[in-house]
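Peer 1: Sharing a structure below in structure tokens format, with a few things to ask.
The values are calculated or read from the model by the stated rules, or taken from the named source; none is laboratory data. Predicted model only: the values in this text are computed from it and were never measured. Note that each Cβ is placed from the backbone with ideal geometry, even for glycine, and that neighbours are counted across all protein chains shown.
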Amino acid sequence: MTDKFRIAIVGSGPAGLSAAAHAAKIGVSHILLEKTDHLSDTIYRYQKKKYVMAAPPQLVLRADVGFEAGYRETILDVWNQGVAAAGANVRYNAEVKAVTGEKGDFTLTLTNGDTVRAETIVMAIGLQGNPNLMRCPGGDLPHVQYQLDDPTEYIDEHIFVIGAGDAGIENALGLAADPAQANVVGIVNRSADFSRAKDANVANLMNARDAGRVSTFTEASPSKVEPGWITLELPDGETRLRCDRIIARLGASAPRKFVESMGIEFSSASKDAYPKLTPNLETTAPGIYVIGALAGYPLIKNCMNQGHDVVEFINGNIGLAPADEPFLAKKLQHLPGEKSVSEWAEFLRDKVEILNGLSLLQMREYLVDSEVRFYRTDEVIFEKNSIGSSLFGIASGSVKVEINPKDPSITVPIGTGSIFGEVGLISGRRRGATIRAAEDTIAIEIPRKLALALRASVQEARETIERITTERGILQIFGSGLSPADIRDVLAKAEVKEIKPGEAIIREGEENYDIFIIRRGSMLVEREIAGKPVFLSYIPAGQVTGEMALVEGGRRIATVRAAVRSEVIRLDGNLFRVLLNRKPELVARLRSDMSSRRKINEFLEQQKGSITGVLDYYNSVARFLVEQGVGEATDVLLIDERLCVGCDNCEKACADSHDGISRLDREAGRTYANLHVPTSCRHCEHPHCMTDCGPNAIHRGPDGEVFIDDTCIACGNCERFCPYGVIRMEKVPPKKPGLIPWLLFGAGPGPGEPDDAWKVAHAGHGSSQKKATKCDMCSGKKGGPACVRACPTGAAIRVSPENFLSVALLDRGRE
Amino acid sequence: MAKQVRQANRSDVRKHEGFLRDGNFRWLWVALALCATSIAAYVMIDAEPRPRGGTMYGYIMGTIGALLIVWLSLFGIRKRVITSGVYSLKAWLSAHVYLGLSLLVIGTLHAGLHFGWNVHTLAYGLMVLVIVSGMFGAYAYAVLPRELSLNRGETTQRQWLETIRSLDAQLREAAQPLDRAEADIVRLSTEQTDISGSLLNRLTGQYPNCSTQRAINELARIHRSTPRGSNASLDQVDALLKRKQETLAQARRNIRIKSLLQIWLYIHVPVTFALLAALTAHIISVFFYW
């Protein structure tokens, strides 16, 4: 090979193959170098029949090869045909070992010794080709593999999966799925819990473990691999186990050494950093371009667009606007000041502190899903108690927070560069205060999912958000009269802690004065009365606990433990005491806030000697409800079985007001002390169903309801994630005849959800597309939830945990 | 503010009260006031020649009564039509119960205690029948759900049926080593047990001919001659049969309560239609043929 190509493309993933196809299309000489003997190894290695998403939906595909959401097989077929049709020059089994030369004359040396010469190089190698390796002795033996293509291939083997991320768990479950394969499967996890994986995967793994299909080893790591054996380092020492095959799923990272050897610089030393890129995707090594996952773009559609664009750039079309340009231009056109999309991107990135760490390309990507808005002086940005979980960043101007709902003139300013709305981001609760623009202001609104991604992936953003939220949390909870300067000392020693469910942050009788702000999750307060722990109250996120001991003195009078996985900010009691001494009005405020709790305490004290039955009742019912997920609910349907006659009118009403599909199952679900928790959505504070929704179709609505919109693709993820089984994948049934024809002539199935037989008999009139269906709390219906309205006896009630896990329950016990 | 009010509608513990005490017995007071006014007027107005439907007072009471009957019968529609507006079926039921009861007073006063063998008294009789069945219904709705819940515990009807099926399978297994006569006893239970039984069985909760009970009795008779412990299979069958009988009893108690919650509707609803017909006949005959 002595010919010199214009472009050498390394890696044939979505980005690389799109680049090659476009180069072929416009007649630029090129070569696509692929390490394996097929295109797009990462997607090729997906488990068979995996459904691949095409996100983000707003982005148009600008490539010469097609792509839309579908099964792995279909997508690979389309690509193979597309690349062939374009006449791309592909060389398989060509792994690049080294790159020398400079712009205009690079030499790529392959592992087989061949060389390829090119004027420019496009690196599209992704990350998956570089899995993190096992480092223990024997880790390089042939029976250690980093992929599992087809779990049904292996029969009657002892197999260990190392690494308990999603990939590892899915592999372990796949291997153990069919008992007929008779595999003995173990999974090795370095930490004590499986927090890195999706909840649904963890739940499935736990089931498999309990059923004896998979053994789990936690706080364990492999220390030695020998043929037929593995040695694990466990908390209580080493153990040697039979092992015919090891599947290591330890994640993947950029092959940084190799990339840096070409003279490409990375944006920082941190492990998750990406190469520095110009807007034209060129690296710091002139003539070498980086696209795709290696550039920090894991989404297939983005990768393919970049493949197209990079070829255009190299071909001299430097002014080519990215695929998102028209979309972004339209989005930003209403803003004052004539700026181009790139100017806006740069402006926002430089002004808003949490965005500082982004490259301009990443910034554009954030703009696709975010909104940039202009607010006039005094315009409301959001109101107190409205629902919203997005994060705002101020690019110019400033806003004011109305901290006292009774007197809107008392405000706290937030200036340019800072953020607001971050409380909703963390706790998923309503907005805590009304915020208005203090002057003409431009702000970027980043949706929750994106903001979480930002926090997870960019360290600067994470630290900034953490610092601001802690400070705000303290100021908001302790109210007026405090300035950031007052709490500087307290803030300096504040500590954010993750609390496991059931873990206590405060113990009764303890001598300790720390104060806790509950940032996420919720807490249960209990006291020991007559030797038994008695449930006192429920504290939702956004509240403070532990201040009683500090204000009143003395020991802790109750135990506070997490109801669900929570996050708290611990404030040092002694430092806070100094603050209290300086601020007597703060003490007064805390005292008045405590009065309601004192009332419950007094009530319990009175009951102590006399009716322990009431206490027991209260206690056990509260525990039952928390067990049923009421603790993480925001609004849950309960049925008082002392009143329920079993007419199922609630279900019928639900079906008749929602396309004929009932979103609740009255009889199912658990019952305790006449209190029945039917299978119906609890509108969780942190909805499990939102965990992995491809099209991002699940939202929280204006009344706090969690609902699924029409972009649902029926992938079933939400159904699997919901621990309460309240989501069904259903088709909309055919339309029924009205009530009068039914009453008079028996036409149609009558009120409620039609039975399956009727649905089948009348199919063809309804929708054929299945959709995830769940309770939407009858959002938008004036009368409120149909199930409650339609209950003839008053048995069906909707409650939120704050008002139910309270004295109301005690009254019920006394009846 | 509007938003907060709406939120309160969605979850409000204070609204947690049964249909009889809805809105602090609002409809009870309305009904009592209606009855008291009617009785006071009846006593004060000196109808000539004697109180009956044809007087001015009678016409007024008749109109009120007829309108009430029509409105009360519309409850069936209200229950089945789910509209999106603000309404509470519980309040409707509360009104239905108390105003329905007041109809007894209004209807009687309308007739002026004047009865005979005619379509007018027929309408009255049907009305009383509807109200009495409704009284039973209200009583059932107020009292029985508690029993239903207690009996059900954490289990459901489907689970009982599952349990019975699984016990049957175990019984068949356990009966394998038994001789013919003994096996026939087991078959009596596994093949002939009718869980719900006849309507009378269901309503009374008595199943005197229950095949499982008969099997238990037969087995007890055999046991009298062969002492316990001598035949392990027979003892196992005996234990299984008793477990099945317990589950049956629980399922049947559930069936009984559910039947009681529904049976009255089979009188209440059809008789309401008969009442509407008789009422129409009554009104037409009064105005055209009197």
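Peer 1: Residues that are of a type in the set (S, T, Y), buried (at least 18 other Cβ atoms within 10 Å of the Cβ) and outside any helix (DSSP H, G or I): does the stretch B:111-125 have at least one? First the steps, then the outcome.
Peer 2: First pass over the stretch B:111-125, keeping only residues of a type in the set (S, T, Y): B:121, B:124.
Remaining after also requiring buried (at least 18 other Cβ atoms within 10 Å of the Cβ): B:124.
Next, from what is left, pick out any that are outside any helix (DSSP H, G or I): none.
No, that holds for no residue.
Peer 1: Kindly check whether there is at least one residue in the stretch A:297-315 that is surrounded by fewer than 24 Cβ atoms within 10 Å (Cβ to Cβ), free of Cβ contacts under 8 Å to residues at least 60 places away in the same chain and closer than 15 Å to A:I7 by Cβ.
Peer 2: yes
Peer 1: Across the stretch B:78-97, what is the total count of residues that are at the interface with another protein chain (Cβ under 7 Å from one of its Cβ atoms) and either part of a loop (DSSP other than H, G, I, E, B) or not basic (K, R) (or both)?
Peer 2: Restricting attention to the stretch B:78-97, the residues satisfying the condition of being at the interface with another protein chain (Cβ under 7 Å from one of its Cβ atoms) are B:79-82, B:84-90, B:93.
Filter again for either part of a loop (DSSP other than H, G, I, E, B) or not basic (K, R) (or both), leaving B:81-82, B:84-89, B:93.
Residues meeting the conditions: 9.
Peer 1: Moving on to the next point. If you go through the stretch A:641-651 one residue at a time, how many are surrounded by 22 or more Cβ atoms within 10 Å (Cβ to Cβ) and more than 7 Å from chain B (Cβ to nearest Cβ)?
Peer 2: Summing the residues that are surrounded by 22 or more Cβ atoms within 10 Å (Cβ to Cβ) and more than 7 Å from chain B (Cβ to nearest Cβ) in the stretch A:641-651 gives 2.
Peer 1: Just checking, does the stretch A:2-15 include any residue being out of contact with any Lys or Arg (no Cβ under 9 Å at 6 or more places or on another chain) and among the hydroxyl-bearing types (S, T, Y)?
Peer 2: no
Peer 1: Check whether at least one residue in the stretch A:402-413 is of a type outside the set (D, E), free of Cβ contacts under 8 Å to residues at least 24 places away in the same chain and closer than 14 Å to A:A438 by Cα, and report yes or no. Let's see the steps before the verdict.
Peer 2: So the first thing to find is which residues in the stretch A:402-413 are of a type outside the set (D, E), and the list is A:403-406, A:408-413.
Now narrow it down to the ones that are free of Cβ contacts under 8 Å to residues at least 24 places away in the same chain: A:406, A:409.
Pick out the ones that are also closer than 14 Å to A:A438 by Cα and you get A:409.
Yes; the residues of the stretch A:402-413 include at least one that is of a type outside the set (D, E), free of Cβ contacts under 8 Å to residues at least 24 places away in the same chain and closer than 14 Å to A:A438 by Cα.
Peer 1: Another question about this same structure. If B:I195 satisfies all but one of (1) part of a helix (DSSP H, G or I); (2) surrounded by 15 or more Cβ atoms within 10 Å (Cβ to Cβ); (3) hydrophobic (A, V, I, L, M, F, W, C), what's the number of the condition it fails?
Peer 2: Failing condition for B:I195: (1).
Peer 1: Going by the structure shown, is A:G764 surrounded by fewer than 21 Cβ atoms within 10 Å (Cβ to Cβ), more than 14 Å from chain B (Cβ to nearest Cβ) and modelled with pLDDT under 80? Spell out how you get there, then give the answer.
Peer 2: Details: surrounded by fewer than 21 Cβ atoms within 10 Å (Cβ to Cβ): yes; more than 14 Å from chain B (Cβ to nearest Cβ): yes; modelled with pLDDT under 80: yes.
Taking the combined requirement at face value, the residue satisfies it.
Peer 1: Which one of B:R180, B:R202 is over 19 Å from B:W160 (Cα atoms) and among the basic types (K, R)? Walk me through how you get there before you give the answer.
Peer 2: Numbers: B:R202 fails: over 19 Å from B:W160 (Cα atoms).
Among B:R180, B:R202, only B:R180 is over 19 Å from B:W160 (Cα atoms) and among the basic types (K, R).
Peer 1: Further question on the same structure: Looking at (1) buried (at least 20 other Cβ atoms within 10 Å of the Cβ); (2) modelled with pLDDT of 85 or more, find the lone condition where A:A549 falls short.
Peer 2: Condition not satisfied by A:A549: (2).
Okay, residues lined up against (1) among the charged types (D, E, K, R); (2) farther than 20 Å from A:A541 by Cα; (3) crowded, with 18+ Cβ neighbours inside 10 Å:
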{"position": "A:F374", "(1), (2), (3)": "no, yes, no"}
{"position": "A:P408", "(1), (2), (3)": "no, yes, no"}
{"position": "A:T434", "(1), (2), (3)": "no, no, yes"}
{"position": "A:A437", "(1), (2), (3)": "no, yes, yes"}
{"position": "A:D440", "(1), (2), (3)": "yes, yes, no"}
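Peer 1: Starting from the stretch B:144-169, keep only residues that are at the interface with chain A (Cβ under 8 Å from one of its Cβ atoms) and in a loop (DSSP other than H, G, I, E, B), then list their pairs with residues that are surrounded by 15 or more Cβ atoms within 10 Å (Cβ to Cβ) and of a type outside the set (A, V, I, L, M, F, W, C) whose Cβ atoms are within a distance under 9 Å, requiring at least 6 positions of separation or different chains.
Peer 2: Here the result reads B:G153/A:T671; B:G153/B:Q250; B:E154/A:T671; B:E154/A:Y672; B:T156/A:E667, each pair linking the stretch B:144-169 to a residue that is surrounded by 15 or more Cβ atoms within 10 Å (Cβ to Cβ) and of a type outside the set (A, V, I, L, M, F, W, C).
Peer 1: State yes or no: is A:A118 of a type in the set (A, V, I, L, M, F, W, C), under 20 Å from A:F258 (Cα atoms) and either within 39 Å of the chain's Cα centre (by Cα) or crowded, with 23+ Cβ neighbours inside 10 Å (or both)? So that I can check it myself, show each step before the final result.
Peer 2: Values: of a type in the set (A, V, I, L, M, F, W, C): yes; under 20 Å from A:F258 (Cα atoms): yes; either within 39 Å of the chain's Cα centre (by Cα) or crowded, with 23+ Cβ neighbours inside 10 Å (or both): yes.
Considered against the rule, which asks whether it is of a type in the set (A, V, I, L, M, F, W, C), under 20 Å from A:F258 (Cα atoms) and either within 39 Å of the chain's Cα centre (by Cα) or crowded, with 23+ Cβ neighbours inside 10 Å (or both), A:A118 comes out as yes.
Peer 1: Also: Could you name every one of the helices (runs of 4 or more DSSP H) located completely within the stretch B:198-290 that has at least 3 residues being within 30 Å of B:T121 (Cα to Cα)? Full working, then the answer.
Peer 2: Details: elements: B:199-204, B:211-225, B:232-263, B:265-289.
Helices (runs of 4 or more DSSP H) meeting the threshold: B:232-263, B:265-289.
Peer 1: Give the residues of the stretch A:269-290 that are more than 19 Å from A:N130 (Cβ to Cβ) and polar (S, T, N, Q), sorted by residue number.
Peer 2: Once the filter is applied, which keeps residues that are more than 19 Å from A:N130 (Cβ to Cβ) and polar (S, T, N, Q), the stretch A:269-290 yields A:T278, A:N280, A:T284.
Peer 1: Okay, moving on. Which one of these does A:A273 not meet: (1) over 25 Å from the mean Cα position of the chain (by Cα); (2) without any contact (Cβ under 8 Å) to a residue 40 or more places away in the chain; (3) in the same structural domain as A:A295 (by TED's automatic domain parsing)?
Peer 2: All conditions pass for A:A273, except number (1).
Peer 1: Would you call A:G784 assigned to a loop (DSSP other than H, G, I, E, B), under 31 Å from the mean Cα position of the chain (by Cα) and either at pLDDT below 75 or not aromatic (F, W, Y) (or both)?
Peer 2: On the way: assigned to a loop (DSSP other than H, G, I, E, B): yes; under 31 Å from the mean Cα position of the chain (by Cα): yes; either at pLDDT below 75 or not aromatic (F, W, Y) (or both): yes.
Yes, satisfied.
Peer 1: If you take the residues in the stretch A:321-352 that are surrounded by fewer than 17 Cβ atoms within 10 Å (Cβ to Cβ) and of a type in the set (A, V, I, L, M), which one is modelled with the lowest pLDDT?
Peer 2: By that ranking, first place goes to A:A321.
Conditions tested, residue by residue: (1) outside the structural domain of A:V96 (by TED's automatic domain parsing); (2) of a type in the set (F, W, Y); (3) in contact (Cβ under 8 Å) with a residue 40 or more places away in the chain.
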position	(1), (2), (3)
A:E170	yes, no, yes
A:L173	yes, no, yes
A:I187	yes, no, no
A:S191	yes, no, no
A:S215	yes, no, no
A:S223	yes, no, yes
A:W229	yes, yes, no
A:T239	yes, no, no
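Peer 1: Among the residues of the stretch A:534-590, count how many are assigned to a strand (DSSP E or B) and aliphatic (A, V, I, L, M). Quick ask: steps written out before the conclusion?
Peer 2: Within the stretch A:534-590, the subset assigned to a strand (DSSP E or B) is A:534-540, A:544-545, A:559-562, A:566-571.
Remaining after also requiring aliphatic (A, V, I, L, M): A:534, A:536, A:539, A:544, A:560, A:562, A:568-569, A:571.
Summing the residues that are assigned to a strand (DSSP E or B) and aliphatic (A, V, I, L, M) in the stretch A:534-590 gives 9.
Peer 1: Could you tell me whether B:D184 is assigned to a loop (DSSP other than H, G, I, E, B), surrounded by fewer than 16 Cβ atoms within 10 Å (Cβ to Cβ) and more than 14 Å from chain A (Cβ to nearest Cβ)?
Peer 2: Criteria not met by B:D184.
Peer 1: Could you give every pair whose Cβ atoms fall below 6 Å, whose first residue belongs to the stretch A:717-736 and is among the β-branched types (V, I, T), and whose second residue is crowded, with 21+ Cβ neighbours inside 10 Å and in a loop (DSSP other than H, G, I, E, B), counting only separations of at least 6 or pairs across chains?
Peer 2: The qualifying pairs are A:V726/A:S680; A:V726/A:C681; A:V726/A:K774; A:I727/A:K774.
Peer 1: Can you name the residue in the stretch A:666-683 that is farther than 16 Å from A:V788 by Cβ and over 28 Å from the mean Cα position of the chain (by Cα) and is also surrounded by the fewest Cβ atoms within 10 Å (Cβ to Cβ) among such residues? Give the steps one after another, and end with the answer.
Peer 2: Of the stretch A:666-683, the ones farther than 16 Å from A:V788 by Cβ are A:667-674, A:679.
Filter once more, keeping what is over 28 Å from the mean Cα position of the chain (by Cα): A:667-668, A:670-674.
On the way: A:E667: 17, A:A668: 15, A:R670: 13, A:T671: 20, A:Y672: 17, A:A673: 15, A:N674: 18.
My answer is A:R670.
Peer 1: If a residue counts only when it is charged (D, E, K, R), which helices (runs of 4 or more DSSP H) contained entirely in the stretch A:659-775 have at least 1 such residues?
Peer 2: Working: elements: A:717-721, A:739-745, A:756-761.
Those helices (runs of 4 or more DSSP H) span A:717-721, A:756-761.
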